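This report concerns only the one structure given below.
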Amino acid sequence: MATWDDVDRLGAGLPGTERVVKRDAREWGVKGKAYAWERPLRKGDLEALGAAAPEGDVLAVRVPDVGAKEALLADDPAVFFTTPHFNGYPAILVRLADIDVETLEETLVEGWLCRVPKRVGREFLEQRGSSSSA
């Protein structure tokens, strides 16, 4: 089970991440481009999801493309979901209480990689790879 504190901690570990609050919701981004944000379900979301609407905190995370989104939805529908509002948009919704911290970290890194310059992403992944093999 992950928390907003986990999102804050993991986001802080990604170079260039800025945490801001917009319209009473937390957002994590790089140079003004959000890669993750707090996304409470709205009336239309609740109507569309019906009984499948999750209770609790929802995090939205940018993904590389709609194909990656579809793969996540198929891989773990207990954690990842979407609403009609996000149809055709490369972002996934996450049931924060149902995601483990390791998967949350992977998801945030993927979102972050969508927003940083490729060079920064490569350097980060190279550093991460060398530190995990030490």
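Model label points for LYS31 and ASP8, set 7 angstrom from Cα along the Cα-to-Cβ axis, are 2.7 nm apart. For the chain: lysine pairs with Cα atoms under 23 Å, gap of 8 or more or different chains, count? Lysine pair count for the chain: 8.
Normalised by the number of residues in the chain, the average gap of Cα pairs under 8 Å and 6 or more apart makes the relative contact order 27 percent. Dividing the summed helix terms, -39500 (n - 2.57) for each DSSP H run of n ≥ 4, by the number of residues in the chain produces a 222 nm estimate of -12000 deg cm²/dmol to the nearest 500.
Here the range 50-134 is treated with +1 on each Lys and Arg Cβ and -1 on each Asp and Glu Cβ, and its dipole about the Cα centre works out to around 500 debye.
Loop sites here are trypsin sites (Lys or Arg not before Pro) outside DSSP states H, G, I, E and B with no more than 10 other Cβ atoms within 10 Å. The longest part of the chain free of them is 32-134. Just add up the charged neighbours of VAL120: K/R +1, D/E -1, any other residue whose Cβ is under 12 Å from the Cβ of VAL120. Net local charge, VAL120 excluded: +3. Each of TYR35, ILE92, VAL116 was placed along the dipole of the chain (beta-carbon charges, centred on the mean Cα), and the one lying farthest toward the positive end is VAL116.
Near ALA36, the amide H atoms lying under 5 Å from its own belong to TRP28, ARG62; only residues 5 or more places off or on other chains count, and H is placed 1.01 Å from N. Between ARG128 and ALA71, the distance separating the two model label sites (each 7 Å from Cα on the Cα→Cβ line) works out to 1.4 nm.
Taken together, the values in this text are just the output of simple stated rules run on the coordinates, not laboratory data. Quantities reported herein were computed from a predicted structural model and do not represent experimental measurements. All Cβ positions, even for glycine, are placed from backbone atoms using ideal geometry, and neighbour counts span all protein chains on display.
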